[in-house]
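Trainee: Please see the structure below; I have some questions.
The values are calculated or read from the model by the stated rules, or taken from the named source; none is laboratory data. As the structure is a computational prediction, the values presented were derived from the model and not from experiment. All Cβ positions, glycine included, derive from the backbone under ideal geometry; neighbour counts span all protein chains shown. These area figures cover heavy atoms from the full protein model, side chains too; ligands, DNA and RNA do not enter into them. Shrake-Rupley method; radii C 1.70, N 1.55, O 1.52, S 1.80 Å.
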Amino acid sequence: MNSKLVREKFFDFFVTRGHTKVPSSSLIPAHDPTLLFTNAGMNQFKDVFLGKEKRSYARAVSIQKCVRAGGKHNDLDNVGFTKRHLTFFEMMGNFSFGDYFKKEAIEYAWEFLTKDMQLPTEKLYASIFEADNESYKIWHDDIGLPEKKIYRLGAKHNFWQMGDIGPCGPCSEIHIDRGPTYGCADINKCGPACDCDRFVEIWNLVFMEYDRQLDGSDKPLKQKGVDTGMGFERLCMLVQNKDSVFDIDLFTSIRKSIEQLTGKIYIQKDEHGKSAFHVLEDHIRSSSFLIADGCIPSNEGRGYVLRKIIRRAALFALKLTDKDIFPALSRAVVEQMGDIYPELRINENLIVTTLRSEVKQFALNLIRGKRILEEYLRKHPDHISGRQAFKLYDTFGFPLELLNAVARERGITVDSEGFDEAMRAQQERSGKKMGIDELDQLALAEALSTEFTGYDTYETESRISGIIHNNKIVNTVKTGDICWVVTEQSPFFVIGGGQVPDKGWVIIKDKKSDLIDVRYVGNSIAVQIKAPVNIKVGDTIIETVDEQFRRNVMRNHTATHLLQAALIELFGPFIKQSGSFVASDYFRFDFTYPESLSTEDIKKVEDLVNKKIRENIPVCIEYTTLEEAMKRGALAFFGEKYTPERVRIVELPGFSAELCCGTHVRATGDIGVFKITEEKALAAGQRRIMAVTGRKAIELFQDDFNTVKNLSNEFKVQREAVLDAVNTQKQQVQQLYAEIKGLRTHLLDTQIPLWEQQIKPIGMVPYLFLSLKDVLHDELKEIAQRLEKKKPGLYVFVSTINGRSLFLISLSPSLVQKVSLKEIAAWLQKKYDLRGGGSQTMIQGGGGPIDPNLQKDLYNWLTKQLP
């Protein structure tokens with residue numbers, strides 16, 4: 001049975017049993033700080049299980065794309081060395097939100113596996129949570145599974161939780177016995193809890209009953225639910241009777257591509273070659289899907305995990321060929337999965353471009369890093385220390401996973417704990433600490449909600465429904481306390497679509513207090529203020545938005561929609577927003593595009609956006625279902641969360657339609673004018689545009705006009721001739737610099753012989769100290785090079801320029817065993833606060849005014865140091 005038929009049968013089975021087919025969500029979780037990537041089918045239903053979100057259906061079925069390569073669920077190191085681990089996989093699942101529970105979930109799973117998939121019942125086993133007697137009775141009494149085939153296991157195996165906090169509950173797993181040949185040596189103890197390949201988990205049925213809190217306690221959910229998960233690739237492996245997930249039809253085209261590109265044939269018995277094939281087959285899928293969903297390689301968070309995946313693949317590709325084959329493999333993924341996931345086809349060029357750039361950069365780092373690693377292993381052949389591992393990561397981009405792969409091949413170990421300790425130390429130094437905001441935890445414990453009135457008004461009178469002080473929910477606070485106030489209604493926009501929070505003030509008992517901050521706490525809007533009077537829950541509050549600030553933000557926000565539509569119209573539908581920041585005085589817009597925009601391109605974008613502004617297109621806002629919005633072509637963006645039953649469309653008829661929760665102008669004419677101030681690259685395949693609108697754009701035009709006018713007067717030319725006049729003067733200045741350089745060179749010709757005569761030995765080392773004035777680093781370097789040609793030695797130069805000092809110390813290569821420039825640099829810093837660095841043969845730096853005693857002190861110190 002091929003994978004396409006398995007997919008169809010699964011959906012048909014549950015749709016005919018009253019389940020709504022729900023499309024896969026993005027791999028980038030929407031507004032969920034507890035997850036790096038979507039790693040389970042239930043991620044998109046998390047708020048439904050928590051009772052925070054309502055859907056029009058109580059039963060759902062989906063096949064969710066997932067990545068497990070970071071955080072709590074991390075399979076990266078296992079991929080390539082086992083028969084079933086993948087970083088990217090699809091999870092089949094059926095869900096119940098307060099509808100059916102354990103009995104129906106178990107019966108559905110059993111029927112689908114034994115009838116639709118025709119798995120042999122005699123080979124199927126079940127495991128349950130050790131205290132779950134209800135599930136035991138269903139398996140034993142209703143399904144008819146013998147007692148010896150039902151295993152009671154502990155929380156490690158049969159209690160499921162999505163993350164450190166959130167929905168959780170006992171689970172029941174269905175396993176298939178593949179026979180003793182797949183098992184471990186201890187045949188009597190081998191069972192579903194064993195780590196060998198004999199008993200393969202097929203389906204995990206999670207019975208959602210609790211919401212795990214930050215302190216580890218379990219709070220009962222308002223309604224029970226069912227969340228099931230079954231690996232699509234693993235099921236295909238079983239129904240296709242394959243030994244490994246990598247042998248199923250989903251990987252066939254990728255494997256053929258590897259063989260064609262490398263000239264190597266996949267051989268089952270070649271363990272090293274087979275591992276390389278498996279790593280490439282898996283990693284090209286995870287990389288391609290992540291990039292298609294908007295993830296870009298970087299040194300932080302999700303981007304860093306993607307970078308690790310790509311670099312690990314590049315490392316394993318070297319086992320098969322020295323060619324750069326990894327980017328080309330993405331074509332096979334698009335061909336295989338593009339019809340199911342259209343985002344792959346839309347972003348095909350971006351995927352290839354991003355992979356090519358990342359692999360190229362890593363190849364350079366790999367050469368340098370491997371040289372350092374080999375030098376280290378010559379001295380320490382049995383172990384890689386945590387400190388060294390972190391240095392290779394921090395300096396050369398060597399992820400720990402790659403070191404583990406190298407170590408595994410050589411039979412040595414890596415100090416992972418030491419690496420983690422070095423990483424934590426760096427994070428503490430840079431202030432980057434992970435954690436769950438305590439206010440979010442309070443939100444999980446307290447069900448407050450706020451009606452947002454800010455789409456229609458700038459001021460709202462409301463009632464205080466909650467107060468948070470010192471991270472505790474309280475009923476009262478005193479005058480002067482810094483606290484968070486939650487209200488029943490609020491005009492304050494918090495954040496969404498990249499838009500910044502509102503500014504404004506509140507009035508309580510006729511006393512005013514400016515907003516310090518505003519944010520969401522669960523479903524409520526909380527404003528942080530300094531209490532102007534004693535406050536208690538139930539008090540009346542007047543909340544007022546800074547209207548001018550908001551109107552400027554609205555102009556910029558609507559302009560981002562115009563910009564997005566203009567980019568798509570001018571350069572193609574594969575343009576995709578990857579981020580934005582909408583402030584009151586400017587906005588930035590990040591998007592996927594493989595090339596830089598030329599000056600002419602930028603002008604075209606500006607002309608089109610300003611044309612639409614002059615047309616004064618009305619901004620139409622409408623609420624509909626997510627499905628209907630997608631049918632109408634509305635754009636949605638990764639990282640944003642959309643409720644399927646109700647989404648907000650912001651439409652500029654005939655030009656743009658986006659799902660957006662932000663605030664916007666009445667019509668495009670309210671924007672006034674649009675001007676791009678900067679366009680640059682963020683990473684391979686990712687660009688950023690900075691722009692201004694309205695008053696700020698006019699100020700920019702006025703400032704630029706005045707600058708040009710002043711230059712026009714200064715050069716005594718017409719405004720249109722200013723640029724030519726500047727270029728002419730620039731050429732003249734360059735010519736003067738060349739003449740000055742020629743004069744300095746001539747001066748050096750006369751001075752070098754004089755300086756050469758001043759060279760005196762310190763021990764066995766020729767030495768010269770020169771104190772100069774107004775000589776730059778490049779000139780100091782030239783002096784050093786010319787003296788070294790005359791006589792190898794140690795040359796110290798200091799130059800004073802406008803009260804500051806520069807220094808350069810040059811050492812002939814033949815003397816590096818006798819003199820340490822590193823020790824000289826340390827002495828200069830300690831004694832005279834002159835800071836610098838460099839190589840074994842040259843260091844340079846600077847500091848404050850030169851101390852007149854430096855020459856004498858350095859000579860005396862060197863006399864004691866040099867042989």
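Trainee: Which members of segment 362-376 meet the condition of being surrounded by 18 or more Cβ atoms within 10 Å (Cβ to Cβ) and either on the phi > 0 side of the Ramachandran plot or modelled with pLDDT of 80 or more (or both)?
Mentor: Residues of segment 362-376 that are surrounded by 18 or more Cβ atoms within 10 Å (Cβ to Cβ), as a first pass: 362, 366, 369, 373.
Selection gives PHE362 alone.
Trainee: Does segment 691-713 contain at least one residue that is touching a Pro at 6+ places or on another chain (Cβ under 8 Å), in contact (Cβ under 8 Å) with a residue 60 or more places away in the chain and surrounded by fewer than 20 Cβ atoms within 10 Å (Cβ to Cβ)? Walk me through how you get there before you give the answer.
Mentor: So in segment 691-713, the residues touching a Pro at 6+ places or on another chain (Cβ under 8 Å) come out as none.
Taking every residue of segment 691-713 in turn, none turns out to be touching a Pro at 6+ places or on another chain (Cβ under 8 Å), in contact (Cβ under 8 Å) with a residue 60 or more places away in the chain and surrounded by fewer than 20 Cβ atoms within 10 Å (Cβ to Cβ).
Residue by residue, here is whether (1) in contact with a Ser or Thr (Cβ under 7 Å, 6 or more places away or on another chain); (2) open to solvent by 10 Å² or more (accessible area, probe 1.4 Å); (3) of a type in the set (A, V, I, L, M, F, W, C); (4) farther than 29 Å from LYS696 by Cβ holds:
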| site | (1), (2), (3), (4) |
| --- | --- |
| ILE529 | yes, no, yes, no |
| PRO532 | yes, yes, no, yes |
| GLN548 | no, yes, no, no |
| ASN552 | yes, yes, no, no |
| ARG555 | yes, yes, no, no |
| LEU567 | no, no, yes, no |
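Trainee: Now for a separate question. Check segment 766-776 and report whether any residue there is under 45 Å from the mean Cα position of the chain (by Cα), open to solvent by 80 Å² or more (accessible area, probe 1.4 Å) and under 30 Å from GLN865 (Cβ atoms). Reasoning before the result, please.
Mentor: Within segment 766-776, the subset under 45 Å from the mean Cα position of the chain (by Cα) is 776.
Pick out the ones that are also open to solvent by 80 Å² or more (accessible area, probe 1.4 Å) and you get 776.
Checking the rest, the ones that are also under 30 Å from GLN865 (Cβ atoms) come to 776.
Yes, some residue in segment 766-776 is under 45 Å from the mean Cα position of the chain (by Cα), open to solvent by 80 Å² or more (accessible area, probe 1.4 Å) and under 30 Å from GLN865 (Cβ atoms).
Trainee: Which of the residues belonging to segment 665-679 are within 21 Å of PHE549 (Cα to Cα) and touching a strand residue (DSSP E or B) at 6+ places or on another chain (Cβ under 6 Å)? Quick ask: steps written out before the conclusion?
Mentor: Taking segment 665-679 first, the residues within 21 Å of PHE549 (Cα to Cα) are 665-677.
Residues satisfying the conditions are ALA667, ILE671, PHE674, LYS675, ILE676, THR677.
Trainee: Now for a different question. I need the full set of residues from segment 508-527 which are open to solvent by 50 Å² or more (accessible area, probe 1.4 Å) and over 40 Å from the mean Cα position of the chain (by Cα), in order please.
Mentor: Across segment 508-527, the qualifying residues are LYS509, ASP510, LYS511, LYS512.
Trainee: While we're on this one: If I filter segment 793-804 down to residues being crowded, with 20+ Cβ neighbours inside 10 Å and among the hydroxyl-bearing types (Ser, Thr, Tyr), which single residue comes out as modelled with the highest pLDDT? Show your work before the answer.
Mentor: Step one: list which residues in segment 793-804 are crowded, with 20+ Cβ neighbours inside 10 Å, which gives 793-799.
From the residues that got through so far, the ones that are among the hydroxyl-bearing types (Ser, Thr, Tyr) too are 795, 799.
Details: TYR795: 96, SER799: 93.
Result: TYR795.
Trainee: Let me ask something else. Considering only residues of segment 465-520 that are of a type in the set (Asp, Glu) and not in a strand (DSSP E or B), which is farthest from THR663 (Cα to Cα)? Break it down into steps so the answer makes sense when it comes.
Mentor: Filtering segment 465-520 down to residues of a type in the set (Asp, Glu) leaves 481, 488, 502, 510, 514, 517.
The next check asks that each one be not in a strand (DSSP E or B); those that pass are 481, 488, 502, 510.
Working: ASP481: 31, GLU488: 20, ASP502: 10, ASP510: 29 Å.
Among those residues, the one meeting the criterion is ASP481.
Trainee: Another one. Of all the residues that make up segment 29-74, how many are modelled with pLDDT under 85, within 30 Å of GLU409 (Cα to Cα), assigned to a loop (DSSP other than H, G, I, E, B) and in contact with a Phe, Trp or Tyr (Cβ under 9 Å, 6 or more places away or on another chain)?
Mentor: 1
Trainee: Go through the residues of segment 844-856 one by one and say whether even a single one is surrounded by 18 or more Cβ atoms within 10 Å (Cβ to Cβ) and among the small types (Gly, Ala, Ser).
Mentor: Checking segment 844-856: at least one residue is surrounded by 18 or more Cβ atoms within 10 Å (Cβ to Cβ) and among the small types (Gly, Ala, Ser).
Trainee: Among the residues of segment 195-218, count how many are open to solvent by 40 Å² or more (accessible area, probe 1.4 Å) and either touching a residue at least 12 places away in the same chain (Cβ under 8 Å) or under 27 Å from VAL67 (Cβ atoms) (or both). Quick ask: steps written out before the conclusion?
Mentor: Pass one, segment 195-218, residues open to solvent by 40 Å² or more (accessible area, probe 1.4 Å): 195, 197, 201, 210, 212, 214-218.
In the following step, the residues that additionally are either touching a residue at least 12 places away in the same chain (Cβ under 8 Å) or under 27 Å from VAL67 (Cβ atoms) (or both) were identified as 195, 197, 201, 210, 212, 214, 216, 218.
So the answer is 8.
Trainee: Can you tell me how many residues within segment 697-725 are of a type in the set (Val, Ile, Thr), over 43 Å from the mean Cα position of the chain (by Cα) and assigned to a helix (DSSP H, G or I)? Reasoning before the result, please.
Mentor: Taking segment 697-725 and keeping what is of a type in the set (Val, Ile, Thr), we get 698, 707-708, 717, 722.
Okay, now just the ones that are also over 43 Å from the mean Cα position of the chain (by Cα), so 717, 722.
So of that shortlist, the ones also assigned to a helix (DSSP H, G or I) come out as 722.
The number of residues fulfilling the criteria is 1.
Trainee: For segment 181-190, check the following and say yes or no: at least one residue is among the aliphatic types (A, V, I, L, M) and surrounded by fewer than 16 Cβ atoms within 10 Å (Cβ to Cβ).
Mentor: First, the residues of segment 181-190 that are among the aliphatic types (A, V, I, L, M): 185, 187.
Next cut, surrounded by fewer than 16 Cβ atoms within 10 Å (Cβ to Cβ) only: 185, 187.
Looking through segment 181-190, at least one residue is among the aliphatic types (A, V, I, L, M) and surrounded by fewer than 16 Cβ atoms within 10 Å (Cβ to Cβ).
A quick yes/no check of all residues on (1) more than 26 Å from ARG550 (Cβ to Cβ); (2) part of a loop (DSSP other than H, G, I, E, B):
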site: SER584; (1), (2): no, yes
site: PRO594; (1), (2): yes, yes
site: GLU606; (1), (2): no, no
site: ASN610; (1), (2): no, no
site: ILE621; (1), (2): no, no
site: ALA629; (1), (2): no, no
site: PHE637; (1), (2): no, yes
site: ARG648; (1), (2): no, no
site: GLU651; (1), (2): no, no
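For every residue, the table says whether it meets (1) under 30 Å from PHE589 (Cβ atoms); (2) surrounded by fewer than 22 Cβ atoms within 10 Å (Cβ to Cβ); (3) hydroxyl-bearing (Ser, Thr, Tyr).
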residue	(1), (2), (3)
LEU290	yes, no, no
GLY303	yes, yes, no
THR321	no, yes, yes
ALA332	no, no, no
PRO342	yes, yes, no
ARG345	yes, yes, no
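Trainee: Which of the residues belonging to segment 147-162 are open to solvent by less than 20 Å² (accessible area, probe 1.4 Å) and not in a helix (DSSP H, G or I)?
Mentor: The answer is ILE150, MET162.
Trainee: What number goes with the only condition from (1) touching a helix residue (DSSP H, G or I) at 6+ places or on another chain (Cβ under 6 Å); (2) surrounded by 15 or more Cβ atoms within 10 Å (Cβ to Cβ) that LYS790 does not pass?
Mentor: If we test LYS790 against (1) touching a helix residue (DSSP H, G or I) at 6+ places or on another chain (Cβ under 6 Å); (2) surrounded by 15 or more Cβ atoms within 10 Å (Cβ to Cβ), just (2) comes out false.
Trainee: I've got another one for you. Across segment 219-254, what is the number of residues that are buried (at least 19 other Cβ atoms within 10 Å of the Cβ) and basic (Lys, Arg)?
Mentor: 2
Trainee: Please give the number of the condition LYS115 fails out of (1) closer than 18 Å to THR228 by Cα; (2) open to solvent by 20 Å² or more (accessible area, probe 1.4 Å); (3) modelled with pLDDT of 95 or more.
Mentor: Looking at each condition in turn, LYS115 falls short on (1).
Trainee: Can we say GLY633 is open to solvent by 50 Å² or more (accessible area, probe 1.4 Å), out of contact with any Lys or Arg (no Cβ under 8 Å at 6 or more places or on another chain), more than 17 Å from PHE674 (Cβ to Cβ) and outside any strand (DSSP E or B)? Give the derivation first.
Mentor: On the way: open to solvent by 50 Å² or more (accessible area, probe 1.4 Å): no; out of contact with any Lys or Arg (no Cβ under 8 Å at 6 or more places or on another chain): yes; more than 17 Å from PHE674 (Cβ to Cβ): yes; outside any strand (DSSP E or B): yes.
No.
Trainee: Let me spell it out: the conditions are (1) on the phi < 0 side of the Ramachandran plot; (2) open to solvent by less than 60 Å² (accessible area, probe 1.4 Å); (3) more than 28 Å from the chain's Cα centre (by Cα), and GLN577 meets all of them except one. Which number is the exception?
Mentor: (3)
Trainee: Looking at (1) over 26 Å from ASN534 (Cβ atoms); (2) at pLDDT 80 or above; (3) in contact with a Lys or Arg (Cβ under 8 Å, 6 or more places away or on another chain), which is the only condition LEU402 fails?
Mentor: Result: LEU402 fails condition (2) only.
Trainee: Looking at (1) within 26 Å of GLU111 (Cα to Cα); (2) part of a helix (DSSP H, G or I), which one does SER24 not meet, given that it meets all the others?
Mentor: The one condition SER24 does not meet is (2).
Trainee: Next up: Of the residues ILE340, ILE367, ILE372, which is in a loop (DSSP other than H, G, I, E, B), more than 20 Å from the chain's Cα centre (by Cα) and of a type in the set (A, V, I, L, M, F, W, C)?
Mentor: Values: ILE367 fails: in a loop (DSSP other than H, G, I, E, B); ILE372 fails: in a loop (DSSP other than H, G, I, E, B).
Exactly one of ILE340, ILE367, ILE372 is in a loop (DSSP other than H, G, I, E, B), more than 20 Å from the chain's Cα centre (by Cα) and of a type in the set (A, V, I, L, M, F, W, C), namely ILE340.
Trainee: Here's a follow-up. Could you pull out the residue among ASP249, ASP243, ASP282 that is under 20 Å from SER26 (Cα atoms), in contact (Cβ under 8 Å) with a residue 24 or more places away in the chain and either touching an Asp or Glu at 6+ places or on another chain (Cβ under 7 Å) or not aromatic (Phe, Trp, Tyr) (or both)?
Mentor: On the way: ASP249 fails: under 20 Å from SER26 (Cα atoms); ASP243 fails: under 20 Å from SER26 (Cα atoms).
Result: ASP282 is the single residue among ASP249, ASP243, ASP282 that is under 20 Å from SER26 (Cα atoms), in contact (Cβ under 8 Å) with a residue 24 or more places away in the chain and either touching an Asp or Glu at 6+ places or on another chain (Cβ under 7 Å) or not aromatic (Phe, Trp, Tyr) (or both).
Trainee: Which members of segment 10-21 meet the condition of being over 19 Å from PHE88 (Cβ atoms) and part of a helix (DSSP H, G or I)?
Mentor: Start the filter on segment 10-21 by keeping residues that are over 19 Å from PHE88 (Cβ atoms), which leaves 11-21.
Passing the criteria: PHE11, ASP12, PHE13, PHE14, VAL15.
Trainee: Separate question: Which of the residues that make up segment 683-741 are closer than 30 Å to ILE291 by Cα and at pLDDT 90 or above?
Mentor: Narrowing segment 683-741 to residues closer than 30 Å to ILE291 by Cα: 683-692.
Passing the criteria: ARG687, ARG688, ILE689, MET690, ALA691, VAL692.
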